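One structure is given below, encoded as structure tokens.
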Amino acid sequence: MSDDLAVAAGQDALMEAPVFGIPVKKLTMWFFIISDTLTFGAFLFSYGYTRISSSNWGAPFESGTIINGVIMSVVLVTSGLTMLAAVAAAKNDNKPRALRWLGVTMALGALFAILHLREWFKMIGEGWRLFQNPTGGAQQFGAAFFSITGLHMAHVIVGIIVIGVIAMGFRSGRFDSNHVETTGLYWHFVDVVWMFVFPLMYLMNAR
């Protein structure tokens, strides 16, 4: 029995051993971010190609939609700053402060998702569909907008759930500051992607 425990302990140590000086959890997250970057890149490239090849794309978004997008951007960027504060507090062994900042990050992420869903419901109420454009412009715009922003919003929602799980584990002592830092990498990736989505999907489609 003791031999089995020793083997298991050795396997756990091997799984946690740094690769090229980078902890396995962090390296795995970087690989995920790289692969996900390719996914978003493919979506945005397809959108750009479709827009350029369309002779009737139009500019469907009024000032209210752009203002809502700016507010969402401010909320999401602020959540990136609160995540930085949570990681710094976790590394300084200040668990209460880290948990508070994680909670604020989750709240800001939830606010971003709510603002985004409100925009979606408003557009759907105006007649927007995947291949229906009530403004008379290119029908592909609805498919491009809902697919790209929907993919990003799904990442935000998943991130909120993951942060909650990590926060509970960190509070109980099951997770450490490295888990908080790795989750922070994912959240910053979500922030960076939005910095491409917002100007391409909102600002370039403003009237």
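Can you pull out every residue in region 47-69 that is within 22 Å of Trp120 (Cβ to Cβ) and without any contact (Cβ under 8 Å) to a residue 60 or more places away in the chain?
Within region 47-69, Gly64, Ile67, Asn68 qualify.
May I ask you to list the residues in region 162-178 that are assigned to a helix (DSSP H, G or I) and either closer than 17 Å to Gly80 by Cα or of a type outside the set (Phe, Trp, Tyr) (or both)? Reasoning before the result, please.
Applying the first criterion (assigned to a helix (DSSP H, G or I)) to region 162-178 yields 162-172, 177-178.
Within region 162-178, Val162, Ile163, Gly164, Val165, Ile166, Ala167, Met168, Gly169, Arg171, Ser172, Ser177, Asn178 qualify.
Taking Thr135 as meeting all but one of (1) in a helix (DSSP H, G or I); (2) more than 17 Å from Phe196 (Cα to Cα); (3) touching a residue at least 12 places away in the same chain (Cβ under 8 Å), write down the number of the exception.
Evaluating Thr135 over (1) in a helix (DSSP H, G or I); (2) more than 17 Å from Phe196 (Cα to Cα); (3) touching a residue at least 12 places away in the same chain (Cβ under 8 Å) leaves (1) as the failure.
Give the number of residues within region 163-200 that are touching a Ser or Thr at 6+ places or on another chain (Cβ under 6 Å) and farther than 16 Å from Val104 by Cβ.
Matching residues across region 163-200 total 1.
Could you go through region 190-198 and let me know if any residue there is modelled with pLDDT of 95 or more and out of contact with any helix residue (DSSP H, G or I) (no Cβ under 7 Å at 6 or more places or on another chain).
To start, the set of residues in region 190-198 that are modelled with pLDDT of 95 or more comprises 190-198.
From what's left, out of contact with any helix residue (DSSP H, G or I) (no Cβ under 7 Å at 6 or more places or on another chain): 192, 195.
So far as region 190-198 goes, yes, one or more of its residues are modelled with pLDDT of 95 or more and out of contact with any helix residue (DSSP H, G or I) (no Cβ under 7 Å at 6 or more places or on another chain).
Which of (1) surrounded by fewer than 16 Cβ atoms within 10 Å (Cβ to Cβ); (2) in a helix (DSSP H, G or I); (3) of a type in the set (D, E, K, R) does Glu181 not meet, given it meets every other one?
It is condition (1) that Glu181 fails.
Does Glu126 fit the bill of being surrounded by 18 or more Cβ atoms within 10 Å (Cβ to Cβ) and among the charged types (D, E, K, R)? Reasoning before the result, please.
On the way: surrounded by 18 or more Cβ atoms within 10 Å (Cβ to Cβ): no; among the charged types (D, E, K, R): yes.
Against the criterion (surrounded by 18 or more Cβ atoms within 10 Å (Cβ to Cβ) and among the charged types (D, E, K, R)), Glu126 does not qualify.
Run down Asn178, Asn205 and say which single residue is in contact (Cβ under 8 Å) with a residue 24 or more places away in the chain and within 27 Å of Phe61 (Cβ to Cβ).
Asn205
Does region 97-106 contain at least one residue that is surrounded by 18 or more Cβ atoms within 10 Å (Cβ to Cβ) and of a type in the set (Phe, Trp, Tyr)?
Yes: region 97-106 contains one or more residues that are surrounded by 18 or more Cβ atoms within 10 Å (Cβ to Cβ) and of a type in the set (Phe, Trp, Tyr).
Out of (1) modelled with pLDDT under 95; (2) assigned to a helix (DSSP H, G or I); (3) in contact with a Ser or Thr (Cβ under 9 Å, 6 or more places away or on another chain); (4) of a type in the set (A, V, I, L, M, F, W, C), what's the single condition that is false for Met204?
Checking Met204 against (1) modelled with pLDDT under 95; (2) assigned to a helix (DSSP H, G or I); (3) in contact with a Ser or Thr (Cβ under 9 Å, 6 or more places away or on another chain); (4) of a type in the set (A, V, I, L, M, F, W, C), the one that fails is (3).
Could you tell me which of the residues Ala113, Ala85, Ala107 is in a helix (DSSP H, G or I), under 20 Å from the mean Cα position of the chain (by Cα), without any contact (Cβ under 8 Å) to a residue 24 or more places away in the chain and closer than 25 Å to Ile148 by Cα?
None of the others qualify; the one that does is Ala107.
The values are calculated or read from the model by the stated rules, or taken from the named source; none is laboratory data. Everything numeric in this text was worked out from a predicted model, so none of it was measured. Cβ coordinates were reconstructed from backbone atoms using ideal geometry, including for glycine residues, and neighbour counts include every protein chain displayed.
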